[in-house]
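The values are calculated or read from the model by the stated rules, or taken from the named source; none is laboratory data. Quantities reported herein were computed from a predicted structural model and do not represent experimental measurements. Counting neighbours? That spans all protein chains shown, and the Cβs are built from the backbone with ideal geometry, glycine included.
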Amino acid sequence: MPAPLVVLALLAPAVPVGADEPTFATLMSSATWPAVSIIAGTIVVALQSALIVGLLIQRAQRRRMQHAMAERLRFETLLSGLSATFVSLPAGDVGPAIENGLQRIVTELDIDRAVLVELGARRELVRVTYGWTRTGISPLPVAANLSDFPWMNARLGRGQVVQFSSVSELPEDAGTDRRTVAALGVRSLVAVPLVVGGVIVGSLACSSLSTEHAWPEELVQRLRLIAEVFANALARRRAESRIRESEERFRLMADAAPWMVWMSDPDARRSYFNNGWLDVTGRRLEDEVGEGWTVSVHPEDREACAATVRDAVGARRAFTLDYRLQRWDGEYRWILDHGLPRFGTDGAVVGYIGSATDVTELKTAHQVLLESNALRSAIFGSLYGHVAALDRQGVIVAVNESWLRFAAENGADPALVSVGTHYLEVCQRAAAMGDADAHLAAAAITAVLEGGSDHGQIEYLCHTPAGARWFEMAVEPLRRPEGGAVVSHVDVTRRRHAEDLADRQREDLARTLRATMLGQLATSLAHEVNQPLAAIVANAQATLHVLDASLRPDLGAAGDVRETLEDIAADAKRASEIIHRLRGVLRKEHPTSPALGVNELVEKVVSLLWPELGRRGITVLRDYDAGVPPVSGDPVQLQEVLLSVLVNASEAIGAASDGPRTITVGTAVREAGLVEISIGDTGIGVDEAEMERIFQHFVSTKRDGLGMGLSISRSIIQAHGGRIWATRRSGRGLTVHVALPVANRTFVR
């Protein structure tokens, strides 16, 4: 049935049931047929128009869908292309690839500009690192201040997208951003944050300057994906850049290091050597890599080095090599080589890095030190004395064999007096128990340990099973940074016995010399003694004569007798003093006086020699200081010294053919605590070269002299804690000086 007929059929009114059905002819002939025909035609036209409109709408939708699919396909193609490009792209090519991608974005979106903006080192600045702008559009400034975009910076900092199709869409609190965007001529913009490692480092911004541009959500999501691709590329470029910079810094540091540096693969096959290594071997880098460096290793050391490296690689641990490496001039140098494994993020060994140092001088010094220590130990052990080394606190750190042997021989446990014993405390405990020698020893050790003295020495008597023995203890600083001291005990018993014997022999010789000198003075002494004796005899005879003349003498005669008897008594006293002085000089006993008057001591010797000096025509000038303090010592020994010096002075004057004949004797205090006695003569004197030798044994300026007088005198004065020396007088002659400590000072014989 034709379509109009179908429509008419559908529109025809229903006929009631039971009614007579009109025929088609009836209907056709009805007066209503024209109206029905018009209505039907109108409906048909309307339906056809609706069908056409539906078809057109469907076609438009299909076209839109095709366009959207094409656009999506282009973005998918762009995204996949960018992803594939950046997967294996070298870091140096990342920049051009990003700019190419930005160009494609500008083309695909039909916009004016696409840029990558990164935060600078100073967080208040941003830099346009990559961008693409259509021809005729001015590029953005290279850097901008974030204070000009506070609203957009805040949103991007929170990871939100910034987008507006018109500047008027910006909110009221974005006034600063609106002014800045308007100044740059931007009409539409979308900015997607760039996130690297969870940190926002910048943004991908697309903008339109010529027209306003809409930014659908689907487009924004696609831009997010592209931003992720760019962010990953930037992250990889930054990582590779950091690695490259790190390697460059490492190589720069390695080349500047004063030692040799190398790197290797996981099998310890070396891949890099710094300039320090190459300078030592004199070879090229390509000659050393791999196993090439072993060519310079001494043949005797190669196998040991290889075995050590193999074990270390198998155990994934560090290793240390000690080998000889041939230098560029052919000399082998000892090298200390240390390698450390480098681990990757997965825990696997990615290689080794090591450093090598020339230790030839150190090895030589170590060998010398070993030999020196051995020699020092041998010398230390062979020392005659009992020697111990103490640390800063006084604890024994070393002893020689003699020390231990002496302890064992005297019943002491060697373990208690050996290394580890606090020797200073032992001395201090003994001193606290009243041992004077231990007190001196502790004081000497303490002074050296604390740096107050560089030497300490005492002599002490020790009672051993073999008998009484004399020892000399010496303390010396231990020359090392930690400090300490060396204590030695030397048996000086034989020396002390020899000194005692020498003292006795010296005293006997001195007494002999005194007797010899007094023998020379015997005539004068006899004359001096005969004078008071003759006077006594004469006075006694005169008294007897007076008594014989009158049994009853008058008062005048009695007075004469009294005066005569007084003269006899004075002369007898004078003779007694002369004999007493003579006995004092000749006797062997030497009493020590706690306090001796110096002026009186000198005057007694001068008085003893006065007759002989007068006979020789020698004048004695006295210059005594009445305020000199007393001295302590043996008066006979000191008189012996003064007697010897005065006799030498008189003989020196006697040897002179002419000139004054004077001896000047004086006393004075020249130094604090010392009294000086000076005896000067006008004799022949002594040459300057002989000034010191005249005090030595068997040296004499006299033709018949023994050369012992001044030598013995020096020994006596030194034993009294003083000193004796000679000086030349102006004009001619010699002055002998004797300095003695005052009475409140002690001396050691």
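Observations on the structure shown:
- Here Trp293 fulfils each of the conditions (1) free of Cβ contacts under 8 Å to residues at least 12 places away in the same chain; (2) in contact with a Phe, Trp or Tyr (Cβ under 8 Å, 6 or more places away or on another chain) apart from (1).
- Of the residues making up the range 334-360, just one is surrounded by fewer than 17 Cβ atoms within 10 Å (Cβ to Cβ), assigned to a strand (DSSP E or B) and charged (D, E, K, R), namely Arg342.
- Of all residues in the range 440-458, none are surrounded by 13 or more Cβ atoms within 10 Å (Cβ to Cβ), modelled with pLDDT under 85 and in contact with a Cys (Cβ under 8 Å, 6 or more places away or on another chain).
- Number of the exception - Leu638 against (1) among the aliphatic types (A, V, I, L, M); (2) surrounded by fewer than 18 Cβ atoms within 10 Å (Cβ to Cβ); (3) at pLDDT 70 or above: (2)
- Out of Ala114, Ala68, one residue alone is modelled with pLDDT of 70 or more and of a type in the set (A, V, I, L, M). It is Ala114.
- Where Arg429 falls short, out of the listed (1) in a helix (DSSP H, G or I); (2) closer than 18 Å to His386 by Cβ; (3) within 39 Å of the chain's Cα centre (by Cα); (4) not hydroxyl-bearing (Ser, Thr, Tyr): (2)
- Whichever residue in the range 400-425 is at pLDDT below 85 and β-branched (Val, Ile, Thr) and, among such residues, is farthest from Glu459 (Cα to Cα): Val419
- Close Cβ contacts (under 6 Å, 6 or more residues apart or on different chains) running from residues in the range 226-241 that are free of Cβ contacts under 8 Å to residues at least 40 places away in the same chain to residues that are part of a helix (DSSP H, G or I) and not polar (S, T, N, Q) are absent.
- Which listed residue is in contact with a helix residue (DSSP H, G or I) (Cβ under 9 Å, 6 or more places away or on another chain) and either surrounded by 14 or more Cβ atoms within 10 Å (Cβ to Cβ) or closer than 30 Å to Val192 by Cα (or both), from Ala233, Ala214: Ala233
- Subset of the range 617-669 [of a type in the set (Ser, Thr, Tyr) and not in a strand (DSSP E or B)]: Tyr624, Ser644, Ser650, Ser657
- Applying the condition of being of a type in the set (A, V, I, L, M, F, W, C) and out of contact with any strand residue (DSSP E or B) (no Cβ under 8 Å at 6 or more places or on another chain) to the range 669-691 and asking which residue is modelled with the highest pLDDT yields Ile684.
- Val115 being of a type outside the set (Gly, Ala, Ser) and touching a residue at least 40 places away in the same chain (Cβ under 8 Å): yes
- When we screen Leu278, Leu321 for residues that are modelled with pLDDT of 90 or more and assigned to a strand (DSSP E or B), the only hit is Leu321.
- Of all residues in the range 281-294, those satisfying the criterion of being more than 17 Å from Tyr332 (Cα to Cα) and not in a helix (DSSP H, G or I) are Arg284, Val289, Gly290, Glu291.
- Count of the range 130-178 residues which are surrounded by 12 or more Cβ atoms within 10 Å (Cβ to Cβ) and of a type in the set (D, E, K, R): 6
- Qualifying residue in the range 263-274 (condition: part of a helix (DSSP H, G or I) and not assigned by TED's automatic domain parsing to the domain that holds Gly202): no
- Figure legend. Inter-residue proximity from the range 611-625: first residues under 13 Å from Val647 (Cα atoms), second residues buried (at least 16 other Cβ atoms within 10 Å of the Cβ) and acidic (Asp, Glu), beta-carbon distance below 9 Å, spacing 6+ or different chains. Indicated pairs: Pro611/Glu528; Ile618/Glu612; Ile618/Asp681.
- Look at (1) basic (Lys, Arg); (2) assigned to a helix (DSSP H, G or I); (3) modelled with pLDDT of 80 or more and you find that Arg581 fails only one, number (3).
- Selection status of Glu248, acidic (Asp, Glu) and either modelled with pLDDT of 90 or more or under 30 Å from Phe273 (Cα atoms) (or both): yes
- When residues in the range 295-315 are screened for being of a type outside the set (D, E, K, R), surrounded by 17 or more Cβ atoms within 10 Å (Cβ to Cβ) and assigned to a helix (DSSP H, G or I), 6 of them pass.
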